[in-house]
Structure formats: C-alpha cells, structure tokens
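Peer 1: Dropping a structure here in structure tokens format, bear with me for questions.
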Amino acid sequence: MDDFICFSTSFEKYKVSLQLPDDVDLRAYEFRKEVFCDELGWSIPVCYKYDIDRHDDNVVHFTVSYENNIIAFLRLHPYNTDWMTNTLFRKIAPNNIDHEKTSASCEVSRLAISTRHRKDRINGTIPLVELLYSALYAFCKLNKIRYVYMTVSTTVFRALRLRGLPCHQLGDTHIMEDGLPTVAARLDWTLFDEECAIRNPSRTARFHSFLHIARNNAFISSRPSQLVSGL
C-alpha cells in the first residue's frame, strides 16, 4: 500500500485519528463487531470478539474517540487494493467499475457510529457523523482523491445526499438476502466543492476548516513521527 498523508486532531472531547493496519487500535475491530454483529445482526465471520476481514490489511482506518472510547469508525480502501465493490458486492456494482479505479479514487466501507452517540452534537449543532465525513473529505483532498465509491443501503444513500454529499447511484437497486435495498454509489468531492458552496456555504466552510486543521496536523503514514509542513 502506498504512503499517505494522514492526520490526528481533536474537537472538544472528540479525537479523530487515521491509522494504517500496523497501528490500528484493536478496539476498533471490537467496536465494529458490537455495531454490525450484535446490534445490526450481520452474518459475517468474527474472530473472537473482533469484526476483522482480509480487507483490513490494506486500508486506512478512521476512528473517532470520546473519553478514550471509540464511538465511530470508517475504513478507506486505496485504489490499488481489493474493493468490496469488486468482490463481495460485484453483483450490485456495474461491470465497468473496474476501469474507474485510479489514484484519484478510493472505496469506503464499515461506517459505524455508537448507538449512545448517534445524537451527539459538536459545538451543540454539528452531528457526529459529519465529523467522519469531514475527516474523509480532508484525507481525500490531502491525497488528491476525487471519487469515493461505496456499497450502502438506500437509507444511508439518501442520508448522504440529505447531508449535501453529491452521491450518484451506479446501476440498479439490489435487494440483499436480508431484504435490505442496497446500491453502489460514487461520491464526487469536486462536485461537492462546486455545489455545496452555493447550496450550503456554512457546511462548505466547516469542511474547509477541518481540512485546514488536518493539514496543520498532517504526517506521512510511513513516518508517523515526521510532521509534514507546507502541504
């Protein structure tokens, strides 16, 4: 996996961290198991008390912690790794998605937020999930990634669009074995910058502010102790 520009920063009592596989906190896998297996009832292989699979060896892990407890998670698959869209969810995604994997693209999966913190508001107004989206935006901007691919339920797809994220559905809606309507989708950050600046300038300002903070706290993933200046 290539080197990446990562960052770690805090907002009030919330800490946002980006980690590569060798540095990931094992509590992240335990947290995922609690959300996806215990709460949502997903039928996925579990190793002891962890939700961990072969993709975890080649992803960037996003975590949000509150008082030293992980309360939100997202993982990012670089363009030169296996994507779930091309493997597990191949029946859902269009056949031509293989040709769209470039250095300007990535995939995200395993978005999870603790039940107890889903109504949390940062500064009293900003939903916790937006902190994850802002971190994803900052990471993609720092690493020159424009497109974010995903396979999500139609409920999550609509929620992303309601939050001003320009997600475009790829192909038809697919009904999973558990009856959940699911789609493949692509998020375009360039379109976000163009559209959201007009439709919701305050949200654009928050994302840009997070990017500025992330840039000031950035480091190269292979040398986490070496800060990057002038990015």
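Peer 1: Here are some residues: K101, K119. Which one is crowded, with 16+ Cβ neighbours inside 10 Å and without any contact (Cβ under 8 Å) to a residue 24 or more places away in the chain? Steps first, please.
Peer 2: Details: K119 fails: crowded, with 16+ Cβ neighbours inside 10 Å.
Being crowded, with 16+ Cβ neighbours inside 10 Å and without any contact (Cβ under 8 Å) to a residue 24 or more places away in the chain holds for just one of K101, K119, which is K101.
Peer 1: Let me ask you something else. Which of the residues that make up the stretch 172-194 are more than 18 Å from I145 (Cα to Cα), modelled with pLDDT of 90 or more and not aliphatic (A, V, I, L, M)?
Peer 2: Just the residues of the stretch 172-194 that are more than 18 Å from I145 (Cα to Cα), to begin with: 172-184.
Add one more test, that the residue is modelled with pLDDT of 90 or more, and what stays is 172-175, 181-184.
Residues satisfying the conditions are D172, T173, H174, P181, T182.
Peer 1: Acidic (D, E), touching a helix residue (DSSP H, G or I) at 6+ places or on another chain (Cβ under 7 Å) and surrounded by 15 or more Cβ atoms within 10 Å (Cβ to Cβ): does that describe E130? Can you show your working first?
Peer 2: On the way: acidic (D, E): yes; touching a helix residue (DSSP H, G or I) at 6+ places or on another chain (Cβ under 7 Å): no; surrounded by 15 or more Cβ atoms within 10 Å (Cβ to Cβ): yes.
Answer is no for this residue.
Peer 1: For D120, are the conditions met, namely being more than 20 Å from A214 (Cα to Cα) and of a type outside the set (A, V, I, L, M)? Quick ask: steps written out before the conclusion?
Peer 2: Working: more than 20 Å from A214 (Cα to Cα): yes; of a type outside the set (A, V, I, L, M): yes.
Yes, satisfied.
To keep it simple, each residue is scored yes or no on (1) touching a residue at least 12 places away in the same chain (Cβ under 8 Å); (2) on the phi < 0 side of the Ramachandran plot; (3) in a helix (DSSP H, G or I).
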{"site": "S134", "(1), (2), (3)": "yes, yes, yes"}
{"site": "C140", "(1), (2), (3)": "yes, yes, yes"}
{"site": "L160", "(1), (2), (3)": "yes, yes, yes"}
{"site": "G179", "(1), (2), (3)": "no, no, no"}
{"site": "L187", "(1), (2), (3)": "yes, yes, no"}
{"site": "L191", "(1), (2), (3)": "yes, yes, yes"}
{"site": "S209", "(1), (2), (3)": "no, yes, yes"}
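Peer 1: Which condition number does L170 fail, the rest of (1) more than 21 Å from V16 (Cα to Cα); (2) hydrophobic (A, V, I, L, M, F, W, C); (3) in contact (Cβ under 8 Å) with a residue 12 or more places away in the chain; (4) out of contact with any Pro (no Cβ under 6 Å at 6 or more places or on another chain) being met?
Peer 2: (4)
Peer 1: Out of curiosity, is R116 under 28 Å from N69 (Cβ atoms) and not aliphatic (A, V, I, L, M)? Talk me through it step by step, then tell me what you get.
Peer 2: Values: under 28 Å from N69 (Cβ atoms): yes; not aliphatic (A, V, I, L, M): yes.
Yes.
Peer 1: Now, a different point. Would you be able to say whether some residue in the stretch 72-88 is within 19 Å of V35 (Cβ to Cβ) and part of a loop (DSSP other than H, G, I, E, B)?
Peer 2: Yes, there is a match, as at least one residue in the stretch 72-88 is within 19 Å of V35 (Cβ to Cβ) and part of a loop (DSSP other than H, G, I, E, B).
The values are calculated or read from the model by the stated rules, or taken from the named source; none is laboratory data. What you are looking at is a predicted structure, and each value in this text was computed from that prediction instead of being measured. Neighbour counts are summed over all protein chains in view; Cβ atoms, including those assigned to glycine, are modelled from backbone coordinates with ideal geometry.
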